[in-house]
Each structure stands twice: as C-alpha cells, then as structure tokens.
1. Given the conditions (1) part of a helix (DSSP H, G or I); (2) surrounded by 15 or more Cβ atoms within 10 Å (Cβ to Cβ), and given that Tyr56 satisfies all but one, which numbered condition is not satisfied?
2. Quickly run through segment 16-42 and pick out the residues that are modelled with pLDDT of 95 or more and aliphatic (A, V, I, L, M).
3. When you scan segment 1-52, how many residues do you find that are in contact with a Ser or Thr (Cβ under 9 Å, 6 or more places away or on another chain) and assigned to a strand (DSSP E or B)?
4. How many of the residues in segment 25-45 are open to solvent by 60 Å² or more (accessible area, probe 1.4 Å), in contact with a helix residue (DSSP H, G or I) (Cβ under 9 Å, 6 or more places away or on another chain) and touching a residue at least 24 places away in the same chain (Cβ under 8 Å)?
Amino acid sequence: MFIDKAIKKINPTAQFRITEPDEDNVDTAIIDWLNGTTPISKSDIQTQVDLLKVDYDAKEYQRKRKS
C-alpha cells in the first residue's frame, strides 16, 4: 500500500512492478523497474514509506470521523 505511493512521491514518472513476498515490506518486496526507470534505493523508499505512514496515522481521527 505504501511502497507504490512512496516511489511515486520520489519519482512521479517511475514505472515499476512490485511483487511478493510482501508488498508492504520494503526489505522483502521485489521491485522491477520498467522502461528504463532509474532504480531508487530501498533505503530512500523506506524513508518515504515511514513519512507516509506517519501522515496516515496522524489522519486516523479524520478517517474515523468520516464514518
């Protein structure tokens, strides 16, 4: 859920495919870079994933309130 958003946040034009074993775990996810997209390091992706998770968690109240 977060890896694809993190990659797009770093490089909006990136073309890639994420495959199992765990699509939400940067360390174990297999990322295939397509059509000449320059690979992004897993550490850079993990940093962005962490920021996105913090933002997501901070908005939990808003999500619950909508329900």
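1. With respect to (1) part of a helix (DSSP H, G or I); (2) surrounded by 15 or more Cβ atoms within 10 Å (Cβ to Cβ), Tyr56 is out only on (2).
2. Leu34, Ile40
3. 4
4. Final tally of qualifying residues: 1.
The values are calculated or read from the model by the stated rules, or taken from the named source; none is laboratory data. For clarity, every value in this text was computed on a predicted model and none was experimentally measured. Virtual Cβ from ideal backbone geometry, glycine too; neighbours counted across all protein chains shown. Just the protein is used for accessible areas: all its heavy atoms, side chains included, with ligands, DNA and RNA removed. Shrake-Rupley method; radii C 1.70, N 1.55, O 1.52, S 1.80 Å.
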